[in-house]
1. What nm value, rounded to one decimal, do you get for the distance between LYS252 and SER355 when each label is placed 7 Å out toward the C-beta?
2. Tell me the per residue accessible area of region 17-134 using a 1.4 Å probe; a whole number in Å² is fine.
3. So for the chain, what percent of the C-alpha to C-alpha distances run longer than 44 Å?
4. Out of the total accessible area of the chain (probe 1.4 Å, heavy atoms of protein only), what percent is carbon and sulfur?
5. Less than 20 Å from a label point 7 Å out along the Cα-to-Cβ axis of ALA317: which backbone N atoms in region 136-166 qualify, by residue?
6. Hey, rough spin-label estimate for ALA404 and TYR35, points 7 angstrom out along Cα→Cβ, what's it come to in nanometres?
7. Charges at C-beta only: +1 for Lys and Arg, -1 for Asp and Glu. How large is the resulting dipole of the chain about its Cα centre, in Debye rounded to 20?
8. By accessible area of protein heavy atoms, probe 1.4 Å, what ranking do SER357, SER188 get, highest first?
Amino acid sequence: MPATPPLSLDDMDRQSLFHPVTSISDHITSGPVVYTRGDGVRLTDQHGREVIDMGAGLWCVNVGYGRAGLADVAASAMRELSFQHLFGSAASEPAIRLADRLLNLFRREACAPQMARVFFGTSGSDANDTAFKLVRYYNNLLGRPRKKKIISRLGAYHGVSCASGSLTGISAYHKGFDLPLPDVVHVSCPHYYRHGLPGESEAAFAARMVAELRATIEREGPDTIAAFIAEPVMGTGGVVPPPAGYFQGVQKLLAEHDILFIVDEVITGFGRTGSWFGSGKYALEPDIVSLAKGLTSAYFPLSASIVSERVWRVLEATSRTTGAFMHGFTYSGHPVGCAVALANLDIIAGEDLVSRSEKMGRYLLARLRESIGDNPFVGDIRGTGLMVGIEFVADRARRQDFPAEGAAHRLVAKRAQERGVLTRALPFLPVTSFSPPLTVTEAEIDEAVERYAGALGDVLPQLRALAA
Ligand code: PMP
């Protein structure tokens, strides 16, 4: 019998790999793009083609690709103690040191002295699951079994597990999965450019969003609302910085009704917005904070939930009677991940990547506005730090969407990829995000913006046809 020829990587992928968040039919037709190397802001694929990754993976490679120092730290941590869990009071030095470092960093940089303990997981989704469960646990301990609902926002992205996916406010992630679960309520997306009324000031819009939240709490009954969850700047939902005054109004309401505030800093943590944390930037006072992504710059899967004194005190005070806290993951506080996170934090601090993010973010915004700001299909270019979004519209004056939802910005992103720049066409709104590693230089931004502008020029006739 003739020997069967070995499968190409492409075919092996098509025959074996189940890709997350991927159109199965498109994948069968186009196959994978296989990346083989990363260095700084650049990725190389298996055919030797280089692209600038203006997405930093999925908003996560904050210190850039290919840091040999982090690989060395991981290797030596793995040689020393390849695994240690944290169940039943067991611990490892990297987990203890990282908890201490994170707590102090967050307290200082987010002006949040109220934060008390750190719980580890492995992904943003599980950090939000931990928050979801903690909120229930806390209210059960307080004898308030009815106070269980969590309010989230349309457009929010908090993960894809059953609980965190329910908090996510993007219907595409719910469809077919029977989500959201009960006890999750979504309010409007505070997106001023899109939902502000003609002539309405940003402050008036923010007040309207807060009034809607108040009406929702009153409608549902304050004694049933346990928590409110928000990303300081919405990421996947369209790169939406909060309208001025919004979070002040929200926090006042939460305090009035004894509602916990879960702040999802999975994207905004560790310099992405030009501050260490979005909580510091927007003067938020969280009860629970979710962190992941930039915590290790994705060199290892690791997440953290920081819990406030208010929540911790209740758990501590009741622990004699409640027994063990029965929640945790095998890989909670994995020693290799914690060692990598510590070294990653050294890099962010040592190279001053947080101020760099602020400075390069301003440069990126300016370059995008200068080169494509006048394009008839570019409605808005906005962002903070290295978290920037371009919102596409079919009609600028009337801020009207393209009839085929999502087609236009996907077309530009696809063409941009062919021209050697990776951006992310988001799923909720016709917005493309730019979130490069915080190490990106002006020259790299120039190169990426030039390629992107070229791509937009290439597809202009198709955009005109789509808009007609
Ligand atoms: N929260 C936010 C704000 C996110 O952006 C993400 C991921 N993009 C998550 C949670 C979920 O993280 P993961 O994919 O690691 O589960």
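The values are calculated or read from the model by the stated rules, or taken from the named source; none is laboratory data. On a predicted model such as this, the values are computed, not experimentally measured, just so you know. Glycine also receives a Cβ, built like all others from the backbone with ideal geometry; neighbour counts cover every protein chain displayed. Protein only, heavy atoms only, side chains kept; ligands, DNA and RNA dropped before computing areas. Shrake-Rupley method; radii C 1.70, N 1.55, O 1.52, S 1.80 Å.
1. 3.5 nm
2. 53 Å²
3. 13 percent
4. So the carbon and sulfur contribution to the accessible surface is 55 percent.
5. Under cut-off, by backbone N: 136-148.
6. 2.7 nm
7. Numbers: 47 positive and 50 negative charges, 175 e Å.
Dipole magnitude for the chain comes out near 840 debye.
8. Working: SER357 0, SER188 40 Å².
Highest to lowest solvent-accessible surface, that is SER188, SER357.
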